[in-house]
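Visitor: Mind looking over this structure? Questions follow.
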Ligand SMILES: [Zn+2]
Ligand SMILES: [Zn+2]
């Protein structure tokens, strides 16, 4: 069995959490947590990297961790992890997965009240028992209850950023194992529509030899359990509890089937109603006339054509008005990943990033970009190694020097400057005026009321040096809801000031959301799609940002980082927006 880096990350993360519940040496705990962060989004073959000794120099991976990785790769498990797990009731880990509940709280609940499960926790909150624990109050009860709701909602769903590589891996492995049996293959469902979280995964395939294909499918390396194995459909479970279905369809129905299984449900209902009005019937086998004569089904485009609609890209199929617009033939020409010419939000080793500026630039060149902005954190964000004005000054010098040595590529100096409690920025205008690109971001005070949060952001946006507002809603999928910011108002001010709003492409952020991105476009606010990468591999999150932009109906012209360097440099030449 192949061990994935994700598995290693989850073992280390669990160890860090268990040690923390136990109240052990914080140093050991941090070592595990750091290692977990490293391997969470590790791309490439972990076993190969380990054998070649490539892990030896990775920051955050010490000798002890390295040894443990060796054990996990060899046996699939880690005895120290299992022993630690055996010390606590299994329900504690589930309590820990509730947003708002950290290891210290879990320990408190367990030791003082004997709470071992989420149900017991809910019961205790109902009886208002938690508020009398040290450091707790009625407010904490409320917060935890909201956390439980958020947790229950996200259960059984995984992030698009996790599902996408998983499915790509499955399709690749399946194609390698059974290439001679596979004709067409494609994911369907919410994954194909690019939703931010995915419930289960549907894959459609046409095959001349479905029995052999099913055998290959149920023996894939990511299969934990086989739920069903049939002639035309099989279902399996992955280690993270995700259900994955493979469905064999006949080649002449593939278009109708992929349309049908891509959904969304409400989009399909609307299509069906439209078909009925025209005296047609639509299902997973095709579009039929009253007498049963089939008029479409082999190609997906034909399905829409037969209903007098232009082709609706999967990302738009949410019954948000796309059918009416497709009828008029005026769907937007959606932005594509190849339209992106650079990334404006990237962290280097100068703050909390894991790669040097040189490494990041190399990766950007590899991706075919024309420009990259280095935007490390500012001083007040100490946990993220924020730069002092002096350090930033040195970084700017270094970047300008590096930039002058690389031909045909442009490195922008920048910062992700913290918006302080009173809405002022962490750097003076004098410091900001020395930079090519200033991003402002809220990183504190998430629980403030709507008025306070909104006015902090607006004050920052009124600063003439600020070009971009990062991750505007602050939500973290499955962990933290958007803060109480007045987004309508933010859009208005963005329009007034010419500040660009970010679609942050981190898998757990995707912020702005598709819905707000569309609203921004309606209001003619410009957007940027940034990865907020903390390592060179994370520049690849751009895919997720572009999918979100597509779901927000965005075209190339709505997004600033599709501009050529010639066009962009004209804009940012002026350090102040209004100049
Ligand atoms: Zn940030
Ligand atoms: Zn950032």
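Quick note: the coordinates plus some simple rules give every number you see, no bench work behind them. None of these values were measured; they are calculated from a predicted model. Heads up, the Cβs are rebuilt from the backbone with ideal geometry, glycines too, and the neighbour counts pull from every protein chain shown.
Visitor: So if each residue of separation counts as 0.36 nm, and I subtract the Cα-Cα distance between residue 320 and residue 285, what length gain in nm does that give?
Guide: Computed gain between residue 320 and residue 285 is 10.1 nm.
Visitor: Right, next: Take the alpha carbon atoms of region 19-104, find their radius of gyration, then divide it by 2.2 N^0.38 Å using N residues; give the quotient.
Guide: The reported ratio for this selection is 1.20.
Visitor: Please state the Cα pair-distance histogram of region 198-240 with 5 angstrom bins from zero: what percent is in each bin?
Guide: 5, 21, 35, 24, 12, 3, 0
Visitor: So for region 257-327, what percent of the C-alpha to C-alpha distances run longer than 20 Å?
Guide: Counting pairs separated by more than 20 Å, the tail of P(r) holds 16 percent.
Visitor: Ok, one more. Applying a 10 Å radius around every beta-carbon, put 321-332, 6-17, 128-139 in order of their mean neighbour count, most first.
Guide: 6-17, 321-332, 128-139
Visitor: Further question on the same structure: Could you work out the relative contact order of region 257-327? I mean the mean sequence separation of Cα pairs under 8 Å and 6+ apart, divided by the number of residues, in percent.
Guide: It rounds to 30 percent for region 257-327.
Visitor: Please give, to one decimal in nm, the separation of the simple spin-label points placed at residue 409 and residue 276, each 7 Å out from Cα toward the Cβ.
Guide: The modelled label-to-label distance comes out at 5.8 nm.
Visitor: Normalise the Debye intensity by I(0) for region 94-223, one equal point scatterer per Cα, no solvent, then take log10 at q = 0.11, 0.19 Å⁻¹ and round to two decimals.
Guide: -0.58, -0.96
Visitor: Report the rotationally averaged projected area of region 36-78 based on its alpha-carbon convex hull, in square nanometres.
Guide: Computed as one quarter of the Cα hull surface, the answer is 2.9 nm².
Visitor: For q = 0.09, 0.10 Å⁻¹, what log10 I(q)/I(0) does region 337-572 give under the Debye formula with an equal point scatterer on each alpha carbon and no solvent?
Guide: The Debye formula, applied to the Cα set alone, gives -0.32, -0.40.
Visitor: Full-extension gain between residue 129 and residue 486, please, as 0.36 nm times their residue separation minus the C-alpha to C-alpha distance.
Guide: Here the answer is 125.1 nm.
Visitor: Let me check I have the definition right: for region 222-266, take the eigenvalues of the Cα gyration tensor, multiply each by 5, take square roots. What are those semi-axes in whole Å, largest first?
Guide: After scaling each eigenvalue by five and taking roots: 23, 14, 7 Å.
Visitor: So if each residue of separation counts as 0.36 nm, and I subtract the Cα-Cα distance between residue 523 and residue 73, what length gain in nm does that give?
Guide: 156.8 nm
Visitor: With a point put 7 Å past each Cα toward its Cβ, work out how far residue 83 is from residue 330 in nm, to one decimal.
Guide: With each label point 7 Å from Cα toward Cβ, the separation is 7.0 nm.
Visitor: By average Cβ neighbour count within 10 Å, what is the ranking of 172-185, 427-440 from highest down?
Guide: Answer by packing, highest mean first, reads 427-440, 172-185.
Visitor: Go ahead and run the numbers for FRET between residue 252 and residue 556, Cβ-Cβ distance against an R0 of 41 Å, rounding to 0.05.
Guide: After rounding to 0.05, the efficiency reads 0.70.
Visitor: Report, please, the projected area of region 158-248 averaged over directions, based on the convex hull of its C-alpha atoms, in nm².
Guide: For the Cα atoms of region 158-248, the hull's average projected area reads 4.9 nm².
Visitor: Counting C-alpha atoms alone, how compact is region 5-154: give Rg to one decimal and Dmax as a whole number, in angstrom.
Guide: Every Cα atom of region 5-154 included, Rg and Dmax give 17.6, 57 Å.
Visitor: A follow-up question, please. Just from its helices, what would the mean residue ellipticity at 222 nm be for the chain, if runs of 4 or more DSSP H residues each count -39500 (n - 2.57) and the sum is divided by every residue, rounded to the nearest 500 deg cm²/dmol?
Guide: -13000 deg cm²/dmol
Visitor: Show log10 I(q)/I(0) for region 302-443 at q = 0.10, 0.17 Å⁻¹, two decimals, from a solvent-free Debye sum over equal Cα scatterers.
Guide: Log10 of I(q)/I(0), two decimals: -0.51, -0.86.
Visitor: For residue 47 paired with residue 359, estimate the spin-label separation in nm (one decimal), with each label point 7 Å from Cα along the Cα-to-Cβ line.
Guide: Placing both labels 7 Å beyond Cα along the Cβ direction yields 2.5 nm.
Visitor: Continuing with the same structure: Let me check against my output: what whole-number percent is the relative contact order of region 337-572, with C-alpha pairs under 8 Å and at least 6 apart?
Guide: Here the relative contact order equals 20 percent.
Visitor: How many angstrom separate the Cα center of region 524-570 from the Cα center of region 422-439?
Guide: 22
Visitor: Give the dimensionless ratio obtained when the Cα radius of gyration of the chain is divided by 2.2 N^0.38 Å.
Guide: Working it through for the chain, the quotient is 1.04.
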